[in-house]
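All remarks here apply to the structure that follows.
The values are calculated or read from the model by the stated rules, or taken from the named source; none is laboratory data. In this text the structure is predicted, and so the values were computed from the model without any measurement. Virtual Cβ from ideal backbone geometry, glycine too; neighbours counted across all protein chains shown. The area values use the complete protein model at the heavy-atom level, side chains included, leaving out ligands, DNA and RNA. Shrake-Rupley method; radii C 1.70, N 1.55, O 1.52, S 1.80 Å.
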Amino acid sequence: MSHDHDDRPQLTAAQAAAVLNPPPGRNGGDLVVETLQGLGATTVFGLPGQHALGMFDALRRSSLRYVGLRVENNAGFAADAYGRITGEVAPLLLSTGPGALTSLAALQEAAAASAPVLAISSQIPTAGLGGGRHGYLHELRDQQASVRDIVKSVHTVRTASQIPSAIAAAWESALTAPHGPVWVEIPQDVLLAETTLPVVSAMDASPRELYPRPELTVAAAHLLSHAERPVIIAGGGVVRSDASGKLRALAEKIDAPVVTTFGGKGAFPWEHPLSLRSWLEDRHTTDFLEDADVLLVVGSGLGELSSNYHTFRPRGRVIQIEADAGKLESNHPALGIHSDAREALADLLEAVERREDAGAAERVRTVLEKVRVRIEAQDLTLEQQVLAAVREALPDTAPSFWDMTILAYWAWSAFDARRPNTMHSAQGAGGLGYGFPAAIGAAAADPTKPVLAVSGDGGAMYSIAELATARQYDLPLTWLIVDDGGYGILREYMTGAFGETTGTELARPDFVALAESFGVPAVRTAPESLAADLAKALAAPGPSVVVLPALLRMFEPTHL
């Protein structure tokens, strides 16, 4: 049996000598950071803990940049954003038990949004594993069981020599479409034990490509080429696979209107004549989508938010391109194509026949006008003014990260992201506290451009400790806190459902004084001065806070 060695990395004489004489004083933690470096990582996020100290000590001996946050969940959100912005794996170093468990809500968001996060958690010493009740600090009967339902894959390590392969396998899993969070678990004694293994060199963990099956491309192209009223729904998969150019070319070739989901913001130009924008929670848009005789859904599972809360009932043929096989036909019968969005769109673009429809742009204008009239009738001038001020102040290339707050709910439908992969929110899993720590991760990924975080006062309190992180690393980010004295959207939901509220009203600090106590400049603004104050903050170096006291309301739902 012969092997072809030509494509394997060859060691120089100096490297070979280093292999045979590894430097002394290394441990399992060194194997972790050497593997990460060999895979191409440059930045890691996390929080030290007793069982993980072997990894953190090894960071001193590496070229990896460490960004330490104050709460593990926030570190997870920062890693999530780093992965979304760069498309690269974001390592997240965690301790055992409480440290590991505190990261789970962030990993749920990463899973829902397909962000490539590589969580490396320590474990209690090997002698305590197996479910016995030994009484170790942080001991869980089965730590993996807590994460297995959340992450894409779990990789366990029990000896030092398993470390490089486990991390490489996890890395490949995280980057194989659909991207997602993965989990590696290493016991404390393995991390601390001295090793004489050679220094880890370059690692190959190339993700598997996910191509569409050719017979499905032919079938989809035939349907689209001969459709009378084709429409495209573009989801987050288009953004993640960097396929917005292919999407636009296909839409223009077949004159198909395009609506982007909340996760797909920026996938299609907002002002394009074929752009239906993102008004998915509007019945006029839902009716238009239902009237399509062929509906192409790219990179979306048509979940709750993308289906106007499951009131959407397509009458035509649905073609669904989705990298997550579990989402194919999960909500509607379809011609399901299991593929990365970019690969599938590239093949479709070649296979479809040019189709001209002079009336398509006019039908789009009609829908958008109906939406405008509906919103105008609801006396929501303040909300539109605030959103317009944010858009005016934010540079087109600057990324923004939105917490679960009323202004973000508006932005999902009404904000022009202008560029793909610049607008991100926690709408995948829907947890609070995402905006500011995510902005920290994005600023760490690219400190050359300002980053905006948007939170309500309730969500802001989840991550207020990270003002210290932003100051410590002097990151170029601005935090807009819309202060309405409580959980605003829950206030609306409860008032609408029950006529009164419980648990929604909150005491809160003076956010300006609190930010300044961290050494972060802050300003209290008003709707009229928001654009100027926000622009000034975004242009200044380092972190800043802008507080807007305002009671915003949501537009009326159409799914009830």
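One residue stands out in region 521-549 among those that are touching a strand residue (DSSP E or B) at 6+ places or on another chain (Cβ under 6 Å) and either on the phi > 0 side of the Ramachandran plot or part of a loop (DSSP other than H, G, I, E, B) (or both): the one that is surrounded by the fewest Cβ atoms within 10 Å (Cβ to Cβ), namely Pro521.
Could you list, in sequence order, all residues of region 342-365 that are of a type outside the set (D, E, K, R) and in contact with a Leu (Cβ under 8 Å, 6 or more places away or on another chain)? Across region 342-365, the qualifying residues are Leu345, Leu348, Leu349, Val352, Ala360, Ala361, Val364.
With respect to Ser201, is the statement that it is under 25 Å from Ser241 (Cα atoms), assigned to a loop (DSSP other than H, G, I, E, B) and open to solvent by 10 Å² or more (accessible area, probe 1.4 Å) true? So Ser201 does not fit the description; no. Within region 94-115, which residues are over 17 Å from Gln427 (Cα atoms) and in contact (Cβ under 8 Å) with a residue 60 or more places away in the chain? Thr96 - this is the single residue of region 94-115 that is over 17 Å from Gln427 (Cα atoms) and in contact (Cβ under 8 Å) with a residue 60 or more places away in the chain.
Criterion applied to Gly503, Gly496 was being more than 29 Å from Asp446 (Cα to Cα), not hydrophobic (A, V, I, L, M, F, W, C) and not in a loop (DSSP other than H, G, I, E, B), and the one residue passing it is Gly496.
Checking each residue in region 278-299 for being open to solvent by less than 10 Å² (accessible area, probe 1.4 Å) and without any contact (Cβ under 8 Å) to a residue 24 or more places away in the chain picks out no residue at all.
Here's the yes/no breakdown for (1) out of contact with any helix residue (DSSP H, G or I) (no Cβ under 7 Å at 6 or more places or on another chain); (2) more than 15 Å from Ala550 (Cβ to Cβ); (3) open to solvent by 60 Å² or more (accessible area, probe 1.4 Å):
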site	(1), (2), (3)
Gly458	yes, no, no
Ser463	no, yes, no
Leu467	no, yes, no
Leu477	no, yes, no
Ile481	no, no, no
Arg491	yes, no, no
Thr495	yes, yes, yes
Thr502	no, yes, yes
Glu505	yes, yes, yes
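Of the residues making up region 167-187, just one is open to solvent by 30 Å² or more (accessible area, probe 1.4 Å) and in contact with a strand residue (DSSP E or B) (Cβ under 6 Å, 6 or more places away or on another chain), namely Ala169.
Among the criteria (1) under 29 Å from Ala535 (Cβ atoms); (2) without any contact (Cβ under 8 Å) to a residue 24 or more places away in the chain, the one Met461 does not fulfil is (2). Among the candidates Ala221, Ala170, Ala166, the residue that is modelled with pLDDT of 95 or more and more than 30 Å from Val33 (Cα to Cα) is uniquely Ala221. Scoring Tyr136 on the criteria (1) crowded, with 16+ Cβ neighbours inside 10 Å; (2) closer than 24 Å to Gly431 by Cα leaves a single failure, condition (2).
If you go through region 39-64 and keep only what is open to solvent by 50 Å² or more (accessible area, probe 1.4 Å) and touching a residue at least 40 places away in the same chain (Cβ under 8 Å), you end up with Pro48, Gln50, Leu53. Only a single item in (1) of a type outside the set (S, T, N, Q); (2) under 20 Å from the mean Cα position of the chain (by Cα); (3) over 17 Å from Thr260 (Cβ atoms) is not met by Gly301, and it is number (3).
Annotation note: of Leu107, Leu118, the sole residue that is open to solvent by less than 20 Å² (accessible area, probe 1.4 Å), at pLDDT 95 or above and either polar (S, T, N, Q) or in a helix (DSSP H, G or I) (or both) is Leu107. Across region 5-26, which residue is modelled with the lowest pLDDT among those that are among the charged types (D, E, K, R) and open to solvent by 100 Å² or more (accessible area, probe 1.4 Å)? So the residue we want is Asp6. From the residues in region 304-352 that are hydroxyl-bearing (Ser, Thr, Tyr) and out of contact with any His (no Cβ under 9 Å at 6 or more places or on another chain), which one is modelled with the lowest pLDDT? Going through the qualifying residues, I end up with Ser306. The helices (runs of 4 or more DSSP H) located wholly in region 427-483 that include 3 or more residues which are in contact with a strand residue (DSSP E or B) (Cβ under 6 Å, 6 or more places away or on another chain) and of a type outside the set (Val, Ile, Thr) occupy 435-445. Go through the residues of region 224-231 one by one and say whether even a single one is crowded, with 24+ Cβ neighbours inside 10 Å, assigned to a helix (DSSP H, G or I) and small (Gly, Ala, Ser). No, the conditions are met nowhere in region 224-231.
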